[in-house]
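Chemist: Following this message is one structure expressed as structure tokens.
The values are calculated or read from the model by the stated rules, or taken from the named source; none is laboratory data. Note that the coordinates shown come from a computational prediction; the quantities given were computed from them, not determined experimentally. Here the Cβ positions follow ideal geometry from the backbone for every residue, glycine too, while neighbour counts run over all protein chains shown. With ligands, DNA and RNA removed, areas are computed over all heavy atoms of the protein, side chains included. Shrake-Rupley method; radii C 1.70, N 1.55, O 1.52, S 1.80 Å.
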Amino acid sequence: MTGLSDSFQRPINYLRISVTDRCNLRCIYCMPPHGVKLSPRSEILRYEEIQAVAQAAAALGINKVRLTGGEPLVRTGLSHLVQILCQIEVIDDIALTTNGVLLRQHAFTLKEAGLRRVNVSLDTLKRDRFHRITRHDKLGDVLNGIKAAKEVGLDPVKVNMVVIRGINDDEVLDFARLTMEQGWHVRFIEPMPFGIGESLSFVPTSEIQERLLSLGTLEPCLPSHGNGPAKYFRFGGTPGTVGFISPLSEHFCFNCNRLRLTVDGKLRPCLLSDEEVDLKNHLRHGASSEELKRLIKQAVAQKPERHHLLEGVLPTGRSMCQVGG
Ligand code: SAM
């Protein structure tokens with residue numbers, strides 16, 4: 001096998017990069033109202049440092065990159081990062097995960113810089129509820145952001161809804177209807193019970209699928225991009241798709257192809273394990289590309305076989321917004 005693979009023969013070709021731990025929302029399951037302790041500015045990787053890591057990773061076989069956070073669009077000059085990552089030949093897919101609040105302002109420059117596609121997190125279509133979940137009155141901005149992303153040709157624009165029992169699960173049909181009526185690509189995600197979201201009650205994918213049957217038959221279809229953890233369907237003949245990401249009811253660790261770079265320069269082999277390999281100190285002491293490659297391989301070798309959330313084994317070190325969700 002060429003490229004990177006871990007101790008369980010999983011090919012590793014995907015790097016998720018957290019560019020900030022700041023966020024302009026305070027989702028009840030992700031961040032406390034006062035936010036989280038932020039990394040000092042001096043500890044945050046500069047864009048050129050991220051580029052050096054991505055370059056070394058690409059030389060080992062990483063060809064897919066996603067920018068996340070925190071909220072990536074609150075970091076100044078994100079388009080510049082997109083542009084310099086695009087110059088790395090092997091990387092053929094650069095995507096962004098955002099809450100969409102600032103997307104309308106940035107969609108065009110991001111697209112011009114080389115961004116291909118975007119995932120927007122949106123848990124409700126109701127203004128009051130949006131305020132309750134995110135502690136901000138920004139639903140209109142997010143919807144405008146989604147519209148703008150489509151207009152500039154970011155494709156696909158996927159909408160990620162974390163479905164929480166008793167909070168927003170009564171809206172799954174409304175989101176599914178948007179795949180039929182407006183060609184949205186909606187993915188329903190089971191919330192993971194850790195950090196501030198520890199008490200979240202999830203709705204298993206099988207239950208959501210059963211509820212959707214009232215709208216028609218779901219036909220399996222292929223993902224438009226990549227081989228991520230989602231399983232995709234569409235209602236016969238309709239333009240959009242419905243996806244399901246089920247980290248709890250059908251864990252997909254056996255297929256995991258990713259590494260995560262934290263905002264302060266640690267390489268994290270698994271979202272749900274506290275293990276990390278430090279890159280920043282090496283970078284700041286002049287590490288060569290060969291040295292970076294050695295550290296990346298070390299992180300890959302440490303990748304655990306699977307998470308054990310359901311057995312109550314939770315990561316304790318950092319929250320989702322600090323690791324890069
Ligand atoms: N700010 C960006 C956004 O909102 O998409 C990127 C970072 S955010 C941490 C990434 C995703 O993680 C969001 O879709 C959010 O809903 C999700 N998330 C946060 N905590 C979660 C949890 N406990 N379980 C499942 N998803 C979670």
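Chemist: When you go through (1) open to solvent by less than 10 Å² (accessible area, probe 1.4 Å); (2) assigned to a loop (DSSP other than H, G, I, E, B) one by one for Gly153, which number turns out not to apply?
Modeler: Failing condition for Gly153: (1).
Chemist: Only one of these conditions is not met by Ala57: (1) within 19 Å of the chain's Cα centre (by Cα); (2) within 16 Å of the ligand (Cβ to nearest atom). Which number is it?
Modeler: It is condition (2) that Ala57 fails.
Chemist: Name the residues in the range 1-31 that are within 25 Å of Ile164 (Cα to Cα) and open to solvent by 30 Å² or more (accessible area, probe 1.4 Å), would you? Can you show your working first?
Modeler: Initial filter on the range 1-31 (within 25 Å of Ile164 (Cα to Cα)): 16, 18, 21-31.
Passing the criteria: Arg22, Cys23, Asn24, Arg26, Ile28, Tyr29, Cys30.
Chemist: What helices (runs of 4 or more DSSP H) lie completely within the range 36-146 and have 1 or more residues being among the hydroxyl-bearing types (Ser, Thr, Tyr) and open to solvent by 40 Å² or more (accessible area, probe 1.4 Å)?
Modeler: Details: elements: 47-60, 78-86, 103-113, 127-134.
Because the criterion is at least 1 residues that are among the hydroxyl-bearing types (Ser, Thr, Tyr) and open to solvent by 40 Å² or more (accessible area, probe 1.4 Å), the helices (runs of 4 or more DSSP H) in the range 36-146 that meet it are 103-113.
Chemist: Which of the residues belonging to the range 298-325 are part of a helix (DSSP H, G or I), buried (at least 16 other Cβ atoms within 10 Å of the Cβ) and not polar (S, T, N, Q)?
Modeler: Of everything in the range 298-325, those that are part of a helix (DSSP H, G or I), buried (at least 16 other Cβ atoms within 10 Å of the Cβ) and not polar (S, T, N, Q) turn out to be Ala299, Val300, Leu309, Met320, Cys321, Val323.
Chemist: Counting only residues that are more than 18 Å from Cys253 (Cβ to Cβ) and basic (Lys, Arg), how many does the range 267-313 have?
Modeler: Qualifying residue count for the region: 5.
Chemist: A further question follows. Among the residues of the range 64-79, how many are more than 20 Å from Leu283 (Cβ to Cβ), within 16 Å of the chain's Cα centre (by Cα) and away from the ligand (no atom under 14 Å from the Cβ)?
Modeler: The qualifying residues number 1.
Chemist: Keeping to the range 160-195, report how many residues are more than 10 Å from the ligand (Cβ to nearest atom) and in a strand (DSSP E or B).
Modeler: Of the residues in that region, 3 qualify.
Let's see how each residue does on (1) crowded, with 16+ Cβ neighbours inside 10 Å; (2) without any contact (Cβ under 8 Å) to a residue 60 or more places away in the chain; (3) away from the ligand (no atom under 16 Å from the Cβ):
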{"site": "Gln209", "(1), (2), (3)": "yes, yes, yes"}
{"site": "Lys231", "(1), (2), (3)": "yes, yes, yes"}
{"site": "Thr238", "(1), (2), (3)": "yes, yes, yes"}
{"site": "Asn257", "(1), (2), (3)": "yes, no, yes"}
{"site": "Cys270", "(1), (2), (3)": "yes, yes, no"}
{"site": "Asp274", "(1), (2), (3)": "no, yes, no"}
{"site": "Gly286", "(1), (2), (3)": "no, yes, yes"}
{"site": "Lys293", "(1), (2), (3)": "yes, no, yes"}
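Chemist: Conditions: (1) more than 16 Å from the ligand (Cβ to nearest atom); (2) buried (at least 16 other Cβ atoms within 10 Å of the Cβ). His251 meets all but one. Number of the miss?
Modeler: The single condition His251 does not satisfy is (1).
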